[in-house]
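Since every read-out is calculated from the coordinates, none of them should be taken as a lab result. Bear in mind that the values here come from a model prediction, so they are computed numbers and not experimental data. Methodologically, a virtual Cβ is constructed for each residue, glycine included, from the backbone with ideal geometry; neighbour enumeration extends over all protein chains shown.
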Amino acid sequence: MKVAFVASEGVPFSKTGGLADVVGALPKALAALGHDVEVILPRYRSTPAGAAVPHAQSLTLPLGIGFKFAAVQDAGRTQQVQTFLVDCPEYFDRDGLYQQNGADFADNAHRFAAFSMAALEFLKRQSAPPDIIHCHDWPTALVPVYLRNLYVGDRYFGNTHVVFTIHNMGYQGIFPPHFLPQIGLHAGLFTIDGLEYYGNVNLLKGGIIFSDFITTVSGKYAEEIQTPEFGCGLEGVVRSRAGHLQGILNGVDYQEWDPATDKLLAAHYTPADLKGKTACKKALLEKMGVAAPALTRPVIGIISRFASQKGFDLIASISEQLAALDVYIVALGTGERAFEDLFRTLAAKYPEKFLVKIAYDNALAHQIEAGSDMFLMPSRYEPCGLNQIYSLKYGAVPIVRATGGLDDTIDPFDGKAGTGFKFQDYSPQVLLATIQSALHAFKTGSPWRTLMLNGMKKDFSWAASAKAYARIYEGLRKPESRTAQKA
């Protein structure tokens with residue numbers, strides 16, 4: 001089966017979050033099952049130099065604001081997955097993928113409309129159409145919208161189906177209504193049954209409505225986004241597609257995330273031999289500026305986008321209580337200015353407690369996972385989350401709120417079974433009490449080691465999830481599925 005992934009980011013070419021990890025790993029797992037898989041991404045200024053050879057094809061894109069021009073570059077083949085980069089300097093040769101200095105680019109609708117149309121035009125020029133186009137989040141939601149409107153009579157795509165994965169309902173691509181003709185769509189789509197959303201255009205809504213099947217990144221999140229609390233205003237739209245919705249837990253690429261082989265670590269370790277983890281802890285603390293690390297003091301790691309969604313308002317509320325605990329807190333990330341400033345202030349006030357780097361740093365992310373005893377993710381909501389799964393493998397016991405994929409992947413520890421610590425109520429005091437419970441358990445010796453090993457032995461590789469996606473693809477290809485869609 002021929003599958004084309006269309007996404008706004010994917011490692012190793014571009015990344016702001018977990019979406020890029022999924023787009024970097026899932027296609028490889030599908031290719032390992034025997035499918036013909038390609039990935040189409042934008043080429044950003046930050047895309048590594050030499051990532052692609054010059055023009056594979058030149059494209060002219062008829063958007064409502066005039067013709068735009070792009071070139072598709074061949075980025076090579078890795079583990080049987082072919083990658084192409086859409087090079088459109090007017091839109092993508094910028095600092096940042098979606099925003100700059102904390103503000104979204106004003107022309108994001110135009111940028112990703114051009115990318116979506118370029119992806120379809122490039123696919124149309126191939127020797128055979130894809131069976132499945134797999135799109136991800138609002139930046140590629142226009143692919144199914146275009147396919148079912150601008151390309152509705154195009155026989156080339158007659159048997160092509162679209163799977164649309166929602167990685168985070170909180171980001172929807174909402175724009176003023178005058179953008180609709182500018183991105184090449186007719187006014188008839190600006191209705192309650194189309195892209196209209198409280199007087200604006202909502203691209204994520206279009207992706208949900210016009211795709212053949214919708215997935216999201218954990219079973220719990222598939223349930224949550226049908227409720228007002230987590231549906232972000234689109235819960236009714238999601239419920240209307242519930243018969244074509246499935247949650248599939250994200251997997252992990254253990255070729256990249258495994259302390260037994262990770263080239264970014266000071267030492268390697270395994271469940272059978274944990275000595276290297278102590279060396280990683282020492283190396284992490286020294287790298288973060290601690291002159292004489294106290295290795296018996298627990299390290300709590302944080303790697304995140306600094307946003308209220310991630311629970312940083314809770315952390316802000318208990319920051320002084322955390323400073324009073326006998327811990328190191330190592331935090332890495334960027335995001336909302338208020339939370340960046342929070343961590344800067346804490347690091348300046350408590351330099352031996354809060355060890356902070358405001359940046360995206362992949363090597364340091366690996367080193368935090370390996371050097372931490374615990375990993376903190378108190379999210380308000382979390383569609384899947386990957387860092388808690390990385391943490392399990394690296395023996396950094398997760399402390400999480402029971403939401404979305406965090407609830408699906410972490411089992412509460414009872415002294416023997418379980419892999420981490422969970423809390424239900426979104427409350428700073430409940431979070432503090434859960435952290436204190438974890439710190440108390442850390443002092444127990446043998447039970448803590450059991451807890452670490454329980455997590456390290458878990459397997460969240462992509463194999464099972466890739467098979468679940470392949471079953472969805474196969475189901476869409478069946479004749480009765482095509483008949484149902486036409487009806």
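Once the Cα atoms are used to define both axes, helix 275-287 deviates from the longest principal axis of the chain by about 80 degrees.
Spatially, the range 110-126 and the range 255-319 are offset by 41 Å when compared through their Cα centroids.
Considering only DSSP beta bridges whose two residues both sit in the chain, what percent are antiparallel, to the nearest 5? Walk me through the numbers on the way to the answer.
Working: 22 of 73 bridges.
Counting DSSP beta bridges with both partners in the chain, the antiparallel share is about 30 percent.
Please report how far the C-alpha centroid of the range 173-210 lies from that of the range 1-63, rounded to the nearest whole angstrom. Centre-to-centre distance over Cα atoms comes out at 26 Å.
In debye, nearest 20: dipole of the chain around its Cα centre with unit charges on the Cβ of K, R (+) and D, E (-)?
Numbers: 46 positive and 47 negative charges, 138 e Å.
I would put it at about 660 debye.
In this rough spin-label picture, where each label sits 7 Å from Cα along the Cβ direction, the ASP258-LEU295 distance is 2.6 nm. When Kirkwood radius over Cα pairs in Å is computed from the coordinates, the matching label among (1) 24.5; (2) 23.4; (3) 25.7 is (2). Counting Lys and Arg as +1 and Asp and Glu as -1 over every other residue whose Cβ lies under 11 Å from the Cβ of HIS110, the net charge comes to 0. Here the range 275-459 is described by how far its Cα atoms reach on the three principal axes: 39, 35, 30 Å, from widest to narrowest.
Between the range 349-428 and the range 441-472, the alpha-carbon centres lie 13 Å apart. Seen against the Cα atoms of the chain and their longest principal axis, helix 446-456 is set at about 20 degrees.
Compactness of the range 370-437 is given as radius of gyration and Dmax, 10.9, 29 Å, from Cα positions. Charging the Cβ of each Asp and Glu at -1 and of each Lys and Arg at +1, and nothing else, the dipole of the range 275-459 about its Cα centre rounds to 560 debye.
Taking 32 Å as the cut-off for C-alpha to C-alpha distance, list the pairs among LYS357/LYS458; LYS277/LYS357; LYS124/LYS458; LYS220/LYS275; LYS28/LYS263 that go past it. All intermediate terms of the calculation are to be shown ahead of the outcome.
Values: LYS357/LYS458 30 Å; LYS277/LYS357 21 Å; LYS124/LYS458 42 Å; LYS220/LYS275 36 Å; LYS28/LYS263 21 Å.
In this structure, LYS124/LYS458; LYS220/LYS275 exceed 32 Å between Cα atoms.
Where the only charges are on Cβ atoms (+1 Lys, Arg; -1 Asp, Glu), what is the dipole of the range 354-435 about its Cα centre, to the nearest 20 debye? Spell out each step's value before the answer.
Details: 6 positive and 9 negative charges, 22 e Å.
Around 100 debye, computed over the range 354-435.
So how tilted is helix 462-477 from the main axis of the chain? Cα-based, degrees 0 to 90, rounded to 10. Taking the Cα atoms of the chain, the angle to 462-477 is about 20 degrees.
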